[in-house]
Amino acid sequence: MRMENIKKFDQRLKNLLTVSGMDREELARAAGVSVPVVNRWLNGASAPDVYQFQAIANYFGLPYGWFLDGGDSFPGATEVAERLGLKEYTVRAMLFMAGSEDAAVMNSVDDAVWAVLSAVVTAYKRVCDELAPEEDAG
């Protein structure tokens, strides 16, 4: 892979991790690699092989070719919002912040994404519990 494509790949991967709220450990498991390997991908020091690309594409539900085309395209905020169940303006804001190199900004984005995901999971469990048929007591 050419150096300019590795740089695009690492930025795309950083953006996907930020927007999705997934962490490096989960991605490493999905791709069948260690966390240090994922860190090298994110730093632009190396790139995944073809099989790892396929695993990453499957993990994020994106077309395989998107990682390899070398173009500047990123799935549109509308598409990402639909896939994640978020408002488009939320995705746009997160993508903007994901471009920041400031660690404090990135940590805040991560914290916000995890807080939202936690609240959604809690609400979903509550709704499921309320809708679940009660077991017969006798």
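The values are calculated or read from the model by the stated rules, or taken from the named source; none is laboratory data. Values in this document were obtained by computation on a predicted structure and should not be read as measured data. Note that we place each Cβ from the backbone using ideal geometry, even for glycine, and neighbour counts take in every protein chain shown.
Suppose the filter is of a type in the set (A, V, I, L, M), modelled with pLDDT of 80 or more, surrounded by 16 or more Cβ atoms within 10 Å (Cβ to Cβ) and closer than 17 Å to LYS8 by Cα; does ALA47 pass it?
So ALA47 passes the test.
Can you tell me which residues in the range 83-93 are part of a helix (DSSP H, G or I) and either β-branched (Val, Ile, Thr) or modelled with pLDDT of 75 or more (or both)?
Of everything in the range 83-93, those that are part of a helix (DSSP H, G or I) and either β-branched (Val, Ile, Thr) or modelled with pLDDT of 75 or more (or both) turn out to be GLU88, TYR89, THR90, VAL91, ARG92, ALA93.
Does TRP66 satisfy the criteria of being assigned to a helix (DSSP H, G or I), farther than 13 Å from GLY21 by Cα and modelled with pLDDT under 75? Give the steps one after another, and end with the answer.
Numbers: assigned to a helix (DSSP H, G or I): yes; farther than 13 Å from GLY21 by Cα: yes; modelled with pLDDT under 75: yes.
Yes, satisfied.
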